[in-house]
Amino acid sequence: MKYSNVISAEFVSRPNRFIAEVMAGGERVRAHVKNTGRCAELLVPGAKVYVQDHRDSMGSRKLAYSLISVEKYLPDGRTIIVNMDSQAPNKVTAEALQNGHLKFPGMDELVELRGEYTYGDSRIDFYGKDCCGKEFLLEVKGVTLEENGVARFPDAPTQRGVKHVEELIRAHEAGFEAGILFVIQMKGARRVEPNWRTHEAFGEALQKAQAAGVKVLAYDCRVEPDLLELDEPVEVAVE
């Protein structure tokens with residue numbers, strides 16, 4: 001997926017989870033943060049960020065900028081860009097499913113794909129059907145937390161995430177293929193793990209789901225200031 005009108009800025013502060021103050025074009029402005037997670041290790045004063053400039057297409061918007069991504073310095077001296085747009089993982093997953101870059105394990109050619117599929121008491125991110133009539137449900141989780149090459153989810157407690165995992169177990173028992181896809185919104189992660197310190201219940205639910213036959217997948221992303229694409233599979237360590 002591509003973003004238009006992306007400019008660089010400098011992060012100053014985050015008054016609340018929806019707003020960041022940044023220096024852009026020589027002035028201090030407010031930008032909408034498209035991620036309600038903590039992201040404390042990313043949004044540090046002085047960090048280089050990339051914002052989308054909406055001044056020519058405000059419509060009903062209240063803020064003229066949206067914070068898209070941030071540069072992160074790694075211990076080995078390298079710099080990577082981390083996409084922080086919480087809506088982006090679903091968009092790049094849809095693109096990858098449609099163009100064949102991502103195939104649900106065990107499924108043939110995709111003939112139907114729907115988003116926001118209602119199952120039980122949840123809305124699952126994707127429903128798909130292949131040419132042989134097999135159906136799958138896929139829930140997508142964006143990952144922005146990385147520590148020493150290990151990506152972790154979630155970065156804040158998520159009862160909603162636990163509910164989705166439990167719903168996928170029930171769907172699999174009812175005959176659907178079911179899966180969870182972790183979209184790591186950066187390059188450089190060797191594997192992804194549950195964030196046990198932050199939400200043990202999510203890790204336990206993920207273990208239960210994998211044992212029940214739910215597929216647990218992960219991909220990293222190619223990230224540029226104005227681009228995000230699903231890239232390569234990454235190991236998942238649930239235990």
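One table, with the values for the structure above:
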{"quantity": "FRET E, pair Ser13, Arg123, Förster distance 25 Å, beta-carbon r, rounded to 0.05", "calculated": "0.15"}
{"quantity": "The chain - charge dipole about Cα centre, Lys and Arg +1 at Cβ, Asp and Glu -1, debye rounded to 20", "calculated": "740 debye"}
{"quantity": "Accessible surface ranking that places the most exposed of Lys91, Lys72, Lys2, Lys215 first, with a 1.4 angstrom probe", "calculated": "Lys2, Lys91, Lys215, Lys72"}
{"quantity": "Label-point separation, Glu109 to Leu74 (7 Å along Cα→Cβ), nm", "calculated": "3.9 nm"}
{"quantity": "Linear extension gain, Ser86 paired with Glu204, 0.36 nm per residue minus alpha-carbon span", "calculated": "40.1 nm"}
{"quantity": "The chain: C-alpha gyration tensor shape, a/c 1.5 cut-off, then a/b vs b/c", "calculated": "prolate"}
{"quantity": "Under 29 Å from Lys2, Cα to Cα: lysines that are on another chain or at least 8 residues apart", "calculated": "Lys34, Lys48, Lys62, Lys72, Lys91, Lys103, Lys129, Lys141, Lys187, Lys215"}
{"quantity": "Expected 222 nm ellipticity per residue - DSSP helices of 4 or more, -39500 (n - 2.57), all of the chain, to 500", "calculated": "-5500 deg cm²/dmol"}
{"quantity": "Given charges at beta-carbon only (K, R positive; D, E negative), |dipole| of segment 184-237 in Debye", "calculated": "260 debye"}
{"quantity": "For the chain: relative contact order, % (alpha-carbon pairs under 8 angstrom, 6 or more apart)", "calculated": "16 percent"}
{"quantity": "Inter-label distance for Arg160 and Ala40, nm, one decimal - labels placed 7 Å from Cα along Cα-to-Cβ", "calculated": "2.1 nm"}
{"quantity": "Virtual spin-label span in nm between Arg197 and Ala47, 7 Å along Cα→Cβ", "calculated": "1.6 nm"}
{"quantity": "Stretch gain in nm, segment Lys2-Ser57, where the contour uses 0.36 nm per residue and the Cα spacing is subtracted", "calculated": "18.1 nm"}
{"quantity": "Solvent exposure ordering (accessible area, 1.4 Å, most first) of Thr198, Thr144", "calculated": "Thr198, Thr144"}
{"quantity": "Listed residue (Leu168, Val223, Asn195) projecting farthest to the positive dipole end of segment 148-239, Cβ model", "calculated": "Asn195"}
{"quantity": "Selection from Ile124, Leu137, Pro75 lying farthest towards where the dipole of segment 65-220 points positive, charges on Cβ", "calculated": "Pro75"}
{"quantity": "Segment 112-119 - phi-based ³J(HN,Hα) in whole Hz, Karplus 6.51/-1.76/1.60, Gly and Pro as x", "calculated": "8, 9, 10, x, 6, 8, 7, 9"}
{"quantity": "Segment 42-163, relative contact order in percent, only Cα pairs under 8 angstrom and at least six apart counted", "calculated": "14 percent"}
{"quantity": "Magnitude of the charge dipole, segment 71-170, Cβ model with Lys/Arg +1 and Asp/Glu -1, debye to 20", "calculated": "100 debye"}
{"quantity": "Ser8 - accessible surface, heavy atoms, 1.4 Å probe, Å² rounded to 10", "calculated": "60 Å²"}
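The values are calculated or read from the model by the stated rules, or taken from the named source; none is laboratory data. Quick caveat, the model's predicted, so the values are computed rather than measured. Please note: Cβ atoms are built from the backbone with ideal geometry, for glycine as well, and neighbour counts cover all protein chains shown. For the accessible areas, the whole protein counts, side chains as well, though only heavy atoms, and no ligand, DNA or RNA atoms are used. Shrake-Rupley method; radii C 1.70, N 1.55, O 1.52, S 1.80 Å.
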